[in-house]
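What follows is a single structure, written as C-alpha cells, with notes after it.
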Amino acid sequence: MKLYLVFQSLTKKERRVFISAFALFLFATIIWAVHFFYTHTVAVPAAGGDYTEGIIGQPTFINPILAGSNDVDRDLVTLLYDNLFNLVDHYKTSTDGKTWNITLKNNLRWSDDKPLTSDDVVFTIEAIQDLESRSPLFLTWQGVVVQRVSELEVEFNLRTPYTFFLDNLKDLKIAPKHIFSTIPNANLRLSNYNLEPIGSGPYKFVTYNKRKDGFITDYQMDINPRFASTTPFLNTFTIKFFPGTKELIQAFNSRKIDGFGDMSPKNLGELRLSNQIIEIPMPRYYAVFLNKNSHPALQDNTVRQALFQATNKAEIIANVFQGKALSVNGPLLPIIAGYSESANALSFSVEQANALLESNGWLKNGEGIREKKIGKDIVQLKFDLIVPQIPFLSETAELLRQQWQQIGVALNILLLNPTDITNEVIKTRNYQMILFGNILKENPDIFSFWHSSERFYPGLNLSLYENKRIDGLLESIRKNVNNESRNRDLGEIQKVITNDLPAIFLFSPTYLYIAPKSFGGLPEQGLTTAADRFLNVNQWFIKTSRVFK
C-alpha cells in the first residue's frame, strides 16, 4: 500500500521514468536468468518423438541367417535383432586361441517373450553352416565347431587361432530357434517370419503395408520392451521404401520422411528443407582389379604402373563425389589399424606414364593406341572394363577412359547389372578388368582379398593375385596377437602389393546421412557397412531437455 501511495505521489514524468526503469530491470533480470540457465545447464537427449527413414529398395529376408546380399535386409535386421556380443555377460579364450567361451546375460527374452538362450546361438550358427540354407555368412563360419555348454554358455572351437574372431562374434545376430527350427533349412526363405520377424533388437515389428503390385511401401516398428540394453529414445521407427533416388528426395522435401542415408554428393543441391549432413568415413574402397591371365599386356609391370600413374584420382573425386571421398593407394585405408603411408610411392603423372611405356617398347599406332610385339603377336593396349550399373561407378569408368586415352590406352566399358556381375562374371572370373569395391572391417584382416587361396569363387581375390610372401604374412597376422609385429607385417604387405600393382586403387567414398537439425545420436565414425548406422539406434533422438551441469 505504501509503495502504491509513493507511486501515486509521483508526477507523470517521474512515473514514466519509474515504469521504464522497472521494465528495464525486469528485462535485464529475464535475460540474466536465461543466460544463467543456459550457461549452467546442458542439452541432453530426451525420450519421445517418432522417426521415419527413407530407403531405396525392398526387404526380402529380414532374417540373420539369410540377410547379407540385400542392403535393405541388413538395415532391418540391425534394427530388429541384437548383436550376439551385446547379449554376452562375459567371455574367455584359451591360451592357444582356438577355444572361445561366451556366457549370455540372465533373463534374455525374444520380442514374443520367449527365452533367448544358448540353444538359439547354436541353432543360428549351425543353420548358417548348412549349405541348404544358402546363407551369405556361410564362409565366415566354416571351420568353427559350436556346442552348448549350459543354458547360458556356448563354446566355439576353431581349427586354427584367429586373432579377429571377436569381430565375428560382434557381427553375428541370433535367430530364434523356437521360430525356425521346425522349418527345413532349405525352406527357410519361404517363412512369413522373414517379413514379420521375432527379434531381440531395440525395436520390434508391428506391421507393414504394400501395394497391390506387391511393392512394400512402409515398415513400422515400436520400442521392444525386452531389449537387453538401454531403451531407445525414439518411440517409433518407420521405414518407407522407394524405387529410386528421385522419389526418395521428393519424399524428404515433402516431409514424408525425416532422414535417409547413402546420399550422393551430386544430389545435395536437390534438398529443399533445412537439414544437417553427417559425413562418416567407412572402411571400403573401390579399385580396378586386373586379371593378368586374360591379357598379355597386363602381365607387364610397366603397363600396370603406367595405368596407375595416368589415373587422376583427384579429378575423379572432385567430379564424381564433389570432394567427399578419400584417395586410396593400396589395400588398406588410413582409418584402419596397421595402415602405412610409406607404402604408397607412385604419384599421378601422365608425362611419366607416357615416357615409361615409350621406353619399354609400347609405341602408338596410327589410331593413337599403343602396341608392342610379344612373341609372334602384336598386342595392343585395348582393354574391356566390367562396371556395375551404378551411377558413380559408370561416371568413374568414363573418366578413366578419358584419362587413359592420354597415354594411348583404349578402354571399352561394359556396364552390367550388379547382380549379374556377382553371379556370373565374378563367379567365372571372366574379365580383363573389373571396377568393384571391397568392404573391409576396422580390423586389418585382408586375407580374403589377397591370399592366393581366394583367387577363385567364392573367394574375393578379384585380381587372382599370387605371392607366396604375401600368403605367409596374411596367414601370420591372423594368428598374431602382438600389435607391433603385426603392424610390421601389414606394412610389408602394403609395400609388396603396391609394388606388384594387381589393381588400380581409386577411392573410398564418404557415407552421407541427411537428417533434420534436431536429430542426434548417430556416431560419426566406426561404420563398417551402411547398416551399422543402426547399431546404436537406441541413442538416436530428436528431442532434448536441459539439465544442470
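The values are calculated or read from the model by the stated rules, or taken from the named source; none is laboratory data. Bear in mind that the values here come from a model prediction, so they are computed numbers and not experimental data. Please note: Cβ atoms are built from the backbone with ideal geometry, for glycine as well, and neighbour counts cover all protein chains shown.
Restricting to the stretch 210-249, give me the number of residues that are in contact with a Gly (Cβ under 8 Å, 6 or more places away or on another chain) and of a type outside the set (A, V, I, L, M, F, W, C).
Total meeting the criteria: 3.
Does residue 241 meet the test of being in contact (Cβ under 8 Å) with a residue 24 or more places away in the chain, surrounded by 17 or more Cβ atoms within 10 Å (Cβ to Cβ) and either outside the structural domain of residue 136 (by TED's automatic domain parsing) or closer than 18 Å to residue 75 by Cα (or both)? Even if it seems obvious, please write down each step before you answer.
Values: in contact (Cβ under 8 Å) with a residue 24 or more places away in the chain: yes; surrounded by 17 or more Cβ atoms within 10 Å (Cβ to Cβ): yes; either outside the structural domain of residue 136 (by TED's automatic domain parsing) or closer than 18 Å to residue 75 by Cα (or both): yes.
So residue 241 fits the description; yes.
Across the stretch 179-198, what is the number of residues that are in contact with an Asp or Glu (Cβ under 8 Å, 6 or more places away or on another chain) and either surrounded by fewer than 19 Cβ atoms within 10 Å (Cβ to Cβ) or in a loop (DSSP other than H, G, I, E, B) (or both)?
3
Which residue pairs have Cβ atoms under 9 Å apart, sit 6 or more places apart or on different chains, and have a first residue in the stretch 42-66 that is part of a loop (DSSP other than H, G, I, E, B) and a second that is of a type in the set (A, V, I, L, M, F, W, C) and surrounded by fewer than 16 Cβ atoms within 10 Å (Cβ to Cβ)?
58/215
Can you run down the residue pairs with Cβ atoms below 8 Å, 6 or more apart or on separate chains, where the first is in the stretch 136-150 and farther than 18 Å from residue 162 by Cα and the partner is part of a loop (DSSP other than H, G, I, E, B) and aliphatic (A, V, I, L, M)?
136/66; 136/67
Which of the residues belonging to the stretch 521-538 are crowded, with 18+ Cβ neighbours inside 10 Å and over 14 Å from the mean Cα position of the chain (by Cα)?
537, 538
Okay, residues lined up against (1) surrounded by fewer than 18 Cβ atoms within 10 Å (Cβ to Cβ); (2) in contact with a Ser or Thr (Cβ under 8 Å, 6 or more places away or on another chain); (3) under 30 Å from residue 490 (Cβ atoms):
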| site | (1), (2), (3) |
| --- | --- |
| 332 | no, yes, yes |
| 340 | no, no, yes |
| 357 | no, yes, no |
| 373 | yes, no, no |
| 389 | yes, no, no |
| 400 | no, yes, yes |
| 412 | yes, no, no |
| 436 | no, no, yes |
| 439 | yes, yes, yes |
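For the stretch 254-264, enumerate the residues that are surrounded by fewer than 19 Cβ atoms within 10 Å (Cβ to Cβ) and either of a type in the set (Val, Ile, Thr) or within 26 Å of residue 318 (Cα to Cα) (or both).
At the first step, the residues of the stretch 254-264 found to be surrounded by fewer than 19 Cβ atoms within 10 Å (Cβ to Cβ) are 254-256, 262, 264.
Of everything in the stretch 254-264, those that are surrounded by fewer than 19 Cβ atoms within 10 Å (Cβ to Cβ) and either of a type in the set (Val, Ile, Thr) or within 26 Å of residue 318 (Cα to Cα) (or both) turn out to be 262, 264.
Go through 398, 358 for me and flag whichever is charged (D, E, K, R) and over 18 Å from residue 433 (Cα atoms). Spell out how you get there, then give the answer.
On the way: 398 fails: over 18 Å from residue 433 (Cα atoms).
Testing whether each residue is charged (D, E, K, R) and over 18 Å from residue 433 (Cα atoms) leaves just 358.
Could you check, for the stretch 438-446, whether at least one of its residues is part of a helix (DSSP H, G or I) and either touching a His at 6+ places or on another chain (Cβ under 8 Å) or among the hydrophobic types (A, V, I, L, M, F, W, C) (or both)?
Within the stretch 438-446, not a single residue is part of a helix (DSSP H, G or I) and either touching a His at 6+ places or on another chain (Cβ under 8 Å) or among the hydrophobic types (A, V, I, L, M, F, W, C) (or both).
When you check residue 173 against the structure, is it within 30 Å of residue 337 (Cβ to Cβ) and touching a residue at least 40 places away in the same chain (Cβ under 8 Å), yes or no?
Criteria met by residue 173.
Out of the residues in the stretch 199-215 meeting the condition of being over 23 Å from the mean Cα position of the chain (by Cα) and either polar (S, T, N, Q) or assigned to a helix (DSSP H, G or I) (or both), tell me which one is surrounded by the fewest Cβ atoms within 10 Å (Cβ to Cβ).
Checking each candidate, the answer is 207.
Return the total of residues in the stretch 242-292 being within 18 Å of residue 516 (Cβ to Cβ), in a helix (DSSP H, G or I) and among the polar types (S, T, N, Q).
3
Take the conditions closer than 30 Å to residue 140 by Cα, surrounded by 19 or more Cβ atoms within 10 Å (Cβ to Cβ) and not aromatic (Phe, Trp, Tyr) and apply them to residue 461. Does it pass?
The answer is yes for residue 461.
For the stretch 499-519: of the residues being aromatic (Phe, Trp, Tyr) and over 30 Å from residue 309 (Cβ atoms), which is surrounded by the fewest Cβ atoms within 10 Å (Cβ to Cβ)?
519
Listed residues 461, 467; which is in contact with a Lys or Arg (Cβ under 8 Å, 6 or more places away or on another chain), without any contact (Cβ under 8 Å) to a residue 60 or more places away in the chain and within 24 Å of residue 426 (Cα to Cα)?
Residue meeting the stated conditions: 461.
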